[in-house]
Amino acid sequence: MAKEKTSFTCTECGGTSPRWLGQCPHCEAWNTMVEVVSGNTAPARNRFASLARASELTALADIEASDFERTPTGIDELDRVLGGGMVEGGVVLIGGDPGIGKSTLLLQALDGLQRVNVPALYVTGEESGAQVALRSRRLGLDNSQVKVLAETQLEKILATIAAAQPAIAVIDSIQTIYSDQLTSAPGSVAQVRECAAHLTRAAKSGGPCVVLVGHVTKEGALAGPRVLEHMVDTVLYFEGDTHSSFRLIRAIKNRFGAVNEIGVFAMTEKGLKGVANPSAIFLSQHAEPVPGSCVLVTLEGTRPMLVEIQALVDSGGPSPRRLSVGLDRDRLAMLLAVLHRHAGVACMDQDVFVNAVGGVRISEPAADLAVMLAITSSLRGKALPKGFVAFGEVGLAGEVRPAPRGQERLREAAKLGFSVAVVPKANAPKKAGKDLEGLTIHAVDRIEEALDVARGLG
Ligand code: TYD
Ligand code: MG
């Protein structure tokens, strides 16, 4: 095949150069020149362009819109984040740290699909066919009819897809695939972008659903500067602590479903198993309540979950440390300032550590109240009472703001046998009595009030 001409374009200013340069000759930015196939960036001037006829326009209402044809993968927790299953012609990007279970999950999904006669192709660029086979035996997928292709060259992969016509193709991983048309190394931004664009085009033009596996770089970005996220239909991220057996998959973009939906799995020796009722897995087992621990009712996607927030406040040196795992550190600094200013709880000369148990990442501000209650509990060395839960956002003025879907959170806590809840006033049931199946609800307006309630109970 004749090599197409390539040139280099600056990602900052769009300037071009025939050779690779460390610094853009136009805007003088460093390390911004990436290789592109000339034909792809500037379509050749076409002398027939002036003869092209305008396309016909259609009103939105006249376009026939049937719901997407979905193929469930048979793994319920994965289908949940996908919004019901794989969509025809859809392109999914799955990111996550190395070793978190991307290959394992996808092999399980492909095997399930193949068993219901959906032809599946697994393209492996990282492992040999034998290694993949070994994993499938280990997973107990004996006699699997999933087709495996150990190949890294894009053109060959595209040709194989065109010939074999699978309904779903997994590319594990996109960073190992390279196109002959570019001279950059596999894994470079130019290669990853070019290969993903070709595979996406193949999917959109009547090809298979494509699942791209992407490694997250040390900086936390998928394949460099998030170059793929805008190109694909769905972006899923694996989260979780590799030391615990639980894994979460979160949808952060989904053209065919809801975002922020999560799927929960446990890694077992037979692969990943879905956890259908995850509400209580992020609680640690204390026989008796301990200081510095507060259970939060958080809402992930459509499901409420109970997560234990732990805090340790200990006398620090001249520059005390603030550290958080699974929670936002800047937010922690803000909450400490609010505690000091509005509730008179001072941690200036103390180290403060907070942790969300089980490796979950919590980004919603409704965690504020639980974090602050855990911190004060640790500072005072007094445990919160048994069966205690809290949620609610805390503002800079010390006010406690409502959290979305408070009723659902309260119902989940009651269902799991919790007995006392401290919640924002607007989230408390309006009816007299204010209690819910054995759950006593304390509605608060301000952080001082919440601390008073907790002190009164403790
Ligand atoms: P893998 O799917 O290879 O991760 P990724 O593709 O995201 O890099 O997962 C590898 C890890 O999972 C490895 O540390 C071993 C573990 N594992 C199990 O615990 N049980 C199993 O059945 C399998 C196949 C892997
Ligand atoms: Mg892998």
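Here, each number is a calculation from the coordinates, and none is a lab measurement. On a predicted model such as this, the values are computed, not experimentally measured, just so you know. Here the Cβ positions follow ideal geometry from the backbone for every residue, glycine too, while neighbour counts run over all protein chains shown.
Couple of notes before you dig in:
- Net charge of neighbours whose Cβ lies under 14 Å from the Cβ of residue 76, counting Lys and Arg as +1 and Asp and Glu as -1: +1
- Axis of helix 406-415 versus longest Cα principal axis of the chain: the two differ by about 70°, to the nearest ten degrees.
- Gain in span if fully extended, residue 229 to residue 134, counting 0.36 nm per residue against the direct Cα distance: 31.0 nm
- Unit charges on C-beta of K, R, D, E only; dipole of the chain, Debye: 80 debye
- Relative exposure of 200, 298, 268, judged by other C-beta atoms within 10 Å (fewest first): 268, 200, 298
- Ranked list, fewest to most other Cβ atoms within 10 Å of each Cβ, for 322, 329, 19, 193: 19, 329, 322, 193
- Estimated at 0.36 nm per residue, the fully extended path between residue 62 and residue 117 surpasses their Cα-Cα distance by 16.3 nm.
- The range 117-136 versus the range 365-439: alpha-carbon centroid distance in Å: 47 Å
- For the chain, the list of Cys residues with no other Cys C-beta under 4.7 Å reads 195, 209, 294, 347.
- Modelled spin-label separation between residue 382 and residue 147, with each label point placed 7 Å from Cα along the Cα-to-Cβ direction: 6.9 nm.
- Among the listed pairs 5/253; 382/415; 156/204; 273/382, those whose Cα-Cα separation exceeds 28 Å are 5/253; 273/382.
- Only the Cβ atoms of Lys and Arg (+1) and of Asp and Glu (-1) were treated as charged; on that basis the dipole of the range 107-205 about its Cα centre amounts to roughly 260 debye.
- Rounded, prolate or oblate (a/c below 1.5 giving rounded, otherwise prolate when a/b exceeds b/c) for the range 70-276 by Cα gyration tensor: rounded
- Helix axis angle, 329-343 relative to the chain longest principal axis, alpha carbon, degrees: 20 degrees
- Full extension of the chain between residue 185 and residue 346 gives 52.6 nm of extra length, using 0.36 nm per residue less the Cα-Cα distance.
- Using a Förster distance of 22 Å, the FRET efficiency for residue 197-residue 49 (Cβ separation, nearest 0.05): 0.45
- Put simply, the Cα atoms of the chain extend 80, 57, 51 Å along their principal axes, the longest span coming first.
- Take the Cβ atoms of residue 437 and residue 290, set R0 to 25 Å, and the FRET efficiency comes out at 0.45.
- Tilt relative to the chain, helix 102-115 - C-alpha long axis, 0 to 90 degrees, to 10: 70 degrees
- Cα-centred dipole magnitude for the range 327-383, charges only on beta-carbon of K, R (+1) and D, E (-1), debye, nearest 20: 140 debye
- Mean separation of Cα contacts under 8 Å (6+ apart) over length of the chain, as relative contact order %: 11 percent
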